[in-house]
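The values are calculated or read from the model by the stated rules, or taken from the named source; none is laboratory data. All values derive from a computational prediction rather than experimental measurement. We place every Cβ from the backbone using ideal geometry, glycine too, and count neighbours over all the protein chains shown. Ligands, DNA and RNA are stripped out before the accessible areas are found, and what is left, the full protein with its side chains, is counted by its heavy atoms. Shrake-Rupley method; radii C 1.70, N 1.55, O 1.52, S 1.80 Å.
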Amino acid sequence: TLFRSLRIASEGVADFATIDRILRDQAGFKLGPFELMDLTGLDVSHPVMESIYHQYYEEPRYRPSVITAQRLAGGLTGRKVGEGFYKYTNSIAQISAEPAVPVVEELPPVWLSPRAARRAELLQLLKNLGAQVETGQSPSPNALTLVAPLGFDVTTVAVVERLDPARTVGIDMLVDDAISRRRVIATNPATRIDMRDAAHALFARDGKAVSVIRDSGGFVTQRVVANIVNIASDMCQQSICSPSDLETAVTLGLGYPQGPLAMGNLYGPTNILEVLFNMQTVYGDPRYRPSAWLRRRGAIGLSLLHEEP
């Protein structure tokens, strides 16, 4: 969680508080990664991250971030000194309020990509929110164009599907909207402000929290969850532990809402693999290469909790 969240922050996708909110409210973690690092202290967590990286002979998946190195050098180690990723008063983090939902007098019609993840559920959600949904093969000139990729960024989808990037916004649908307390939408570098605001206002119509982030392969939750599942799969591949032992250690030791393999089963191993493959395409980074252990189970539809005889 820490490695991927730092990477997301380093790309300017979202600020620390937004990333924490997304991973608490959408992915279900008890603490956001930056809250956690402030709690443990960077004087503890950064050396551990460096140690893991060197113990695995500079394995790209465990590459530390310059963000923590710089903050440690500056003495911003966390809550115990009054400032880390957040400033603290009497040990209480001072976090700015979320941006207000924009006021949009008239929402444009919405066209949904035929390749969108959870398309049927997303169509129903749009109808429930009162959106005027277009049904043509391509969007009209005034339509808000909505995509819901797994692993790809909004820019890539707009190019591949020949959509107008100025009117294209993405929404993360890895997590079932019915169980999520937050929706996450992403712009691309060309998205018009009016289209961004229209998407924000639309998805906040029923009172659910909405975070707006900049373009990112895998948004935030997809990127973090897929990598957690992938690293856990590699640990099983290396026979470091059994799947059941890994689940017990993570849920009891780290306080995750569920173990990483159960998480992979919940969202679907094939979806997790799609996220990883597509992120590797977007970033060209070996840290996103899927574990062979995960690929085999995804290929044959086997539970990640299955114990080999």
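Taking the criterion of being assigned to a helix (DSSP H, G or I) and touching a Leu at 6+ places or on another chain (Cβ under 6 Å), would at least one residue in segment 202-219 satisfy it? Outline the logic, then answer.
The first filter runs over segment 202-219 and keeps only residues assigned to a helix (DSSP H, G or I), leaving 202-203.
Narrowing further to those that are touching a Leu at 6+ places or on another chain (Cβ under 6 Å): 202.
Yes, there is a match, as at least one residue in segment 202-219 is assigned to a helix (DSSP H, G or I) and touching a Leu at 6+ places or on another chain (Cβ under 6 Å).
So that you can scan it fast, the table gives a plain yes or no per residue for (1) closer than 14 Å to Gln26 by Cβ; (2) hydrophobic (A, V, I, L, M, F, W, C); (3) under 16 Å from the mean Cα position of the chain (by Cα):
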residue	(1), (2), (3)
Asp197	no, no, no
Ile213	yes, yes, yes
Arg223	yes, no, yes
Asn230	no, no, yes
Asp234	no, no, no
Pro257	yes, no, yes
Ala262	no, yes, no
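With the requirement that a residue be part of a loop (DSSP other than H, G, I, E, B) and either surrounded by 15 or more Cβ atoms within 10 Å (Cβ to Cβ) or modelled with pLDDT of 95 or more (or both), what does segment 255-266 give you? Lay out the reasoning, then the answer.
Going through segment 255-266, the residues part of a loop (DSSP other than H, G, I, E, B) turn out to be 255-259.
Residues satisfying the conditions are Tyr256, Gly259.
Determine if segment 45-56 includes at least one residue that is touching a strand residue (DSSP E or B) at 6+ places or on another chain (Cβ under 6 Å) and touching a residue at least 12 places away in the same chain (Cβ under 8 Å). Even if it seems obvious, please write down each step before you answer.
So the first thing to find is which residues in segment 45-56 are touching a strand residue (DSSP E or B) at 6+ places or on another chain (Cβ under 6 Å), and the list is none.
No: zero hits.
Consider Leu2 carefully, then state whether it is hydrophobic (A, V, I, L, M, F, W, C) and either more than 23 Å from the chain's Cα centre (by Cα) or open to solvent by less than 70 Å² (accessible area, probe 1.4 Å) (or both). Even if it seems obvious, please write down each step before you answer.
On the way: hydrophobic (A, V, I, L, M, F, W, C): yes; either more than 23 Å from the chain's Cα centre (by Cα) or open to solvent by less than 70 Å² (accessible area, probe 1.4 Å) (or both): yes.
Judged against the criteria, Leu2 is a match.
Out of all the residues in segment 101-149, which are polar (S, T, N, Q) and without any contact (Cβ under 8 Å) to a residue 24 or more places away in the chain?
Gln124, Thr135, Gln137
Could you tell me how many of the residues in segment 5-30 are out of contact with any helix residue (DSSP H, G or I) (no Cβ under 7 Å at 6 or more places or on another chain), under 22 Å from Glu83 (Cβ atoms) and open to solvent by 40 Å² or more (accessible area, probe 1.4 Å)?
First, the residues of segment 5-30 that are out of contact with any helix residue (DSSP H, G or I) (no Cβ under 7 Å at 6 or more places or on another chain): 7, 11-13, 15, 17-18, 21, 24-25, 28, 30.
Subsequent filtering for residues that are under 22 Å from Glu83 (Cβ atoms) retains 12, 15, 17-18, 21, 24.
Cutting the leftovers down to open to solvent by 40 Å² or more (accessible area, probe 1.4 Å) gives us 15, 24.
Final tally of qualifying residues: 2.
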